[in-house]
Amino acid sequence: MLPDHRAPVVTHMIWYKVGAADETAGRSGLAHFLEHLMFKGTEKNPGNRFSQVVADIGGQENAFTSSDYTGFFQRVPSEHLKEMMAFEADRITGLVLTDDVVRPELNVVLEEQNMRVANNPNSRLGEQIDAALYLNHPYGRPVIGWRPEIEQLTRDDALAFYRRFYTPNNAIVVVAGDVTAAEVKEDADDTYGKIAPRAEVAPRRRPLEPVQDASRTVTLADPRVEQPSLSRAYLAPSRTTAKPGVSDALEVLAHVLGGGENSRLYRSLVVEQGVAINAGAYYSPTALDYGKFGLYATPRSGKSLHDVEAAIDAVIADIREQGVTADELSLAKNRLIADAVYAQDNQAALARWFGAALATGETVEMVRRWPEDIRAVSADAVRDAARTLLDSRASVTGYLVHAVQAEEKHT
Amino acid sequence: MNAVLARFDYRNLRDFTRPLLIAAMFVATTPAFATTIERVVSPGGIEAWLVHEPAVPLIALDFAFIGGAVQDPPCKAGTANLVASLLDEGAGEFDSKAFHNRLERKAIELSFQAERDTLHGSLRTLSENKDEAFDDLRLALTAPRFDASDIEIMRGQILSMLRRAATSPNEIASQRWWQAAFPGHPYSHPVSGTLESVTALTADDIRDYSHRVLARGKLKVAVVGDIDAETVRTALDRIFGALPAQPELKTIGTMAPQGLGKRIVVKLDVPQAVVTFGGPGIARNDPDFMAAYIVNHILGGGSFSSRLYQEVREKRGLAYSVYDSLVWLNYTALFLGGTATRADRAGETLDVIQKEIRRLANDGPTAQELANAKAHLNGSFVLNLDTSTKIAALLVQLQLDGLGTDYFRRRPEMINAVTLDDARRVAKRLLDAGLLVTVVGRPEGLASIGAE
């Protein structure tokens, strides 16, 4: 429960601790498909009644799926909170699916796959990088699923998955907005409190990554690629799995290395050497098992991917060797910590931040103390994190190239 | 970990213009957050709309200069866009590195964007850093450096984006639509320019454009957050006071979209065909605008209940994304929609869309649809104004649209005043003119119609 009394509005979210990484092998895309099917109605609220009520009160709704969680939310005038809770509580166990609604929705998901992935060479490369990065862990499969497997998904698959994972004891409710904790508690007791658990929640033990011993490269060649680019991903710990302080150090590292135009990669590759037109880095810390640390760059015309990669590797070697300066450190920390203030301006984003953290094994306390954790990061910790993490043996480098260019390489 | 997938996807809206995005956050009941809009005028005569909200220690400042990409000189498409990309790349005594350093040190977020009709800027700062933030903005607007090295970097980034766009089905569908709809008009040119035009732009073009457009006379400003009216008054002169009084804008003619009835099919080897469709809209100051806004909502507006969403996605599974929006610009008004669908059913999808447009044009909406749409549009106001940045953007848009600070109060009355007869009449007016359609991909059985 996150108070925000600036407007009489509430954001209501339910997060299920199940995502694409919890799917059975051979059924990729099922978590996301079920998310779509959750809008098909229940016995008590058939068809699109829930959506219609949200629309009629001027509300917004949406849903999302990641590797680790599936979430549903509404933003409505605060007086409608309890009604939303009643609808969501009903849909935890009451979903009704017929082939008449399942079949068209499968086609919708296939079109979504076309739009997001098949039509976009860069997304296709992203999928191949993830598949190569995780040797054993299911984060290697796309959340939307592999197309041949999506095509095979059935109503029975969806219902089996639903009965196994959609149960109140596997859900988290996050409410942000113009209500009090006492009101939320009372409304939740009256709605969610009435739904009995229907499944045991098993511990989320997924396959583990072995020691990664070999750097990998993948190349996606497509005639439509007019602008080559490079992206690299390193296997990283998540905020949930990292040793104390390590994920905070990685956030600072990502910022110093590639957050914006002051970053080392941008300054070196774009401004000083002129080998790239863009370059940056990111770290995704919110995950149950592994985070991801990524770098990317786009070569300037006349420069090759090889030129760009050599320049990246030089920047990495330097930061591993020398670490970061005191000035870089304080600048990065200030910038990151300010985001916590900016987040307070966006109720929905704040709710999402907490929800994602809780659904991936963090605690409310961990989220609340994040600014302090960032403030406590030392230059030594950043250097150590760089030395440990930026190990090419635990990385995949992806090249996006024009198809003809790739064939020439082979001949 | 993979990206998060959402049930709906609004990304397709990005190709369009700013007013369209604002359309989704239209106004109805009075929200607590934005209850009081104060009109503030500085001693130097610069006006801003202010919402004072001290609950969170930050300030969002939004502004727009009239004269966006339409003011690009002939054969120099992309000038405004390049200028916008350079305005935060160094100013006064600070080169780009020093300038970015100043911004980042105080976590000040400053960005500029060229739209079709405006050059738009946006500043966000913690309130404790407002003095530095306002100084940085003043420098960016009044003393931009436009260093040669920065011009080359930004040009390189834009050219790279244009190379990507050259094989992106969404970009091609949108660009071909605007080209066919506005022959000979500045709206036919992409805001970002073309590979040829951007390659040829010079430092003089950039300076000339910024001298002509960055002026006080056609400036709209909004401020939201932890700052009071007195402070805003002083800040306005400090930030914008040194700009020239009036811009030097060339006259642009109005134009209705051309090519109605045409279908342009562009072959591209992608599995999914991308469709853009549209026709003439209704001007923002037209008495029928609100009725048209409601009709559009019923046809393909933001919610799942729209006819296009139901017929194309929900019943037939033909597409993930299908939408339609009103677009109002200074020199035209449109309704514009799109979808993306599998190649072998592209013809069917387009048939369904055209049938629904015809049906709504001929029969109008039902009383129930009208009531639902009004309820939704009235209720959604508070919900959509949930961040300072969004409120600031809306306040600038209302000023650009020539609406008053009492608009929040008047809007529900305007919505509720639309009768079923109005809606029927305006549906006919809006949707009966015929469509210009572009399709990119390898759609089976769909050929160009009426296009060279």
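Laboratory data are not the source of any read-out in this text; all were calculated from the coordinates shown. In this text, all values refer to a predicted model and were calculated from it rather than measured experimentally. Please note: Cβ atoms are built from the backbone with ideal geometry, for glycine as well, and neighbour counts cover all protein chains shown.
When only DSSP loop residues count, what GluC sites (Glu not before Pro) in segment B:234-337 have their Cβ near at most 13 other Cβ atoms within 10 Å?
Values: sites: B:Glu248, B:Glu311, B:Glu314; in loops: B:Glu248.
Those that pass, being in a loop and sparsely packed, are B:Glu248.
Would you mind classifying segment B:40-159 by shape? Square roots of the alpha carbon gyration tensor eigenvalues, ordered a ≥ b ≥ c; an a/c under 1.5 is rounded, otherwise it is prolate if a/b is larger than b/c and oblate if not.
Details: a/c = 2.12, a/b = 1.34, b/c = 1.58.
Here segment B:40-159 falls in the oblate category.
Quantify how strongly other chains surround peptide A:63-70 by giving the mean number of their Cβ atoms within 10 Å of each of its Cβ atoms.
Counting Cβ atoms of other protein chains within 10 Å of each residue's Cβ and averaging gives 4.
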query = What FRET efficiency do you get for B:Ile252 and B:Asp344 if R0 is 41 Å and r is their Cβ-Cβ distance, rounded to the nearest 0.05?
reply = 0.45
request  = Give the residue from B:Thr389, B:Val232, B:Ala256 lying farthest towards the positive end of the charge dipole for the protein assembly as shown; charges sit on Cβ (+1 for Lys and Arg, -1 for Asp and Glu) and the dipole is referred to the Cα centre.
outcome  = B:Ala256
Zone residues, segment A:89-123, relative to B:Arg163, backbone N less than 20 Å from point 7 Å out along Cα-to-Cβ = A:120-123
key: Global form of the protein assembly as shown, assessed from the alpha-carbon gyration tensor, a/c cut-off 1.5   = rounded
inquiry  = Just to confirm a number: summing +1 for Lys and Arg and -1 for Asp and Glu over residues other than A:Thr360 whose beta-carbon lies under 14 angstrom from that of A:Thr360, what do you get?
reply    = +2
key: Shielding by partners, peptide B:104-110 (average Cβ within 10 angstrom, other chains)   = 5
request  = Using the Cα centre as the reference, give the magnitude of the dipole from point charges on the C-beta atoms of the protein assembly as shown (Lys, Arg: +1; Asp, Glu: -1; all else neutral), rounded to the nearest 20 debye.
outcome  = 1260 debye
query = Can you give the calculated 222 nm mean residue ellipticity of chain B, where each DSSP H run of n ≥ 4 adds -39,500 (n - 2.57) and the sum is split over every residue, rounded to the nearest 500 deg cm²/dmol?
reply = -12500 deg cm²/dmol
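When only DSSP loop residues count, what GluC sites (Glu not before Pro) in segment A:1-76 have their Cβ near at most 13 other Cβ atoms within 10 Å? Don't skip to the end; give the middle numbers.
On the way: sites: A:Glu23, A:Glu35, A:Glu43, A:Glu61; in loops: A:Glu23, A:Glu43.
Passing sites in segment A:1-76 are A:Glu43.
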message = With +1 assigned to the C-beta of every Lys and Arg and -1 to the C-beta of every Asp and Glu, and no other charges, what is the dipole magnitude of chain A about the Cα centre in debye, to the nearest 20?
response = 480 debye
request  = For segment B:159-272, calculate the relative contact order in percent as a whole number, restricting contacts to Cα pairs under 8 Å that are 6 or more residues apart.
outcome  = 34 percent
task = Sum -39500 (n - 2.57) across every DSSP H segment of at least 4 residues in chain A, then divide by the residue count to get the 222 nm mean residue ellipticity, nearest 500.
result = -13000 deg cm²/dmol
key: Computed magnitude of the charge dipole of segment B:208-293 (debye, nearest 20; Cβ of K, R +1, Cβ of D, E -1)   = 400 debye
key: aspartates and glutamates whose Cα lies under 19 Å from that of B:Lys218, excluding same-chain neighbours fewer than 8 positions away   = B:Glu47, B:Asp62, B:Asp72, B:Glu115, B:Asp117, B:Asp208, B:Asp237, B:Glu248, B:Asp401
note = With the charge dipole of the protein assembly as shown built from beta-carbon charges (+1 for Lys and Arg, -1 for Asp and Glu) about the Cα centre, the Cα from B:Ser111, A:Val364, A:Ile374 projecting farthest to the positive end belongs to B:Ser111
Listed peptides A:191-204, A:288-301, B:205-218 by packing density, highest first (mean Cβ within 10 Å) = A:288-301, B:205-218, A:191-204
Residue-averaged beta-carbon neighbours from other chains (10 angstrom radius) around A:50-61 = 6
remark   = With a 21 Å threshold on alpha-carbon distance, the violating pairs from B:Lys130/B:Lys390; A:Lys44/A:Lys82; B:Lys315/B:Lys374; A:Lys82/A:Lys194; A:Lys333/B:Lys130 are B:Lys315/B:Lys374
request  = Specify the inter-centroid distance of segment A:230-281 and segment A:1-66, based on alpha-carbon positions, in whole Å.
outcome  = 33 Å
query = Considering amide H positions built from the backbone, and no H for Pro or chain starts, which residues 5 or more places from B:Ala333, or on another chain, come under 5 Å of its amide H?
reply = B:Gly281
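Output the pairs from B:Lys355/B:Lys428; B:Lys76/B:Lys267; A:Lys303/B:Lys267 with a Cα-Cα distance over 21 Å in this structure; if there are none, say none.
In this structure, B:Lys76/B:Lys267; A:Lys303/B:Lys267 lie more than 21 Å apart at Cα.
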key: In Hz, Karplus ³J(HN,Hα) per residue of segment B:36-43 (6.51, -1.76, 1.60; θ = phi - 60°; x = Gly, Pro)   = 10, 9, 9, 8, 10, 10, 6, x
task = Using +1 at the Cβ of each Lys and Arg and -1 at the Cβ of each Asp and Glu in segment B:321-429, identify which of B:Gly337, B:Leu420, B:Ala371 lies farthest towards the dipole's positive end.
result = B:Leu420
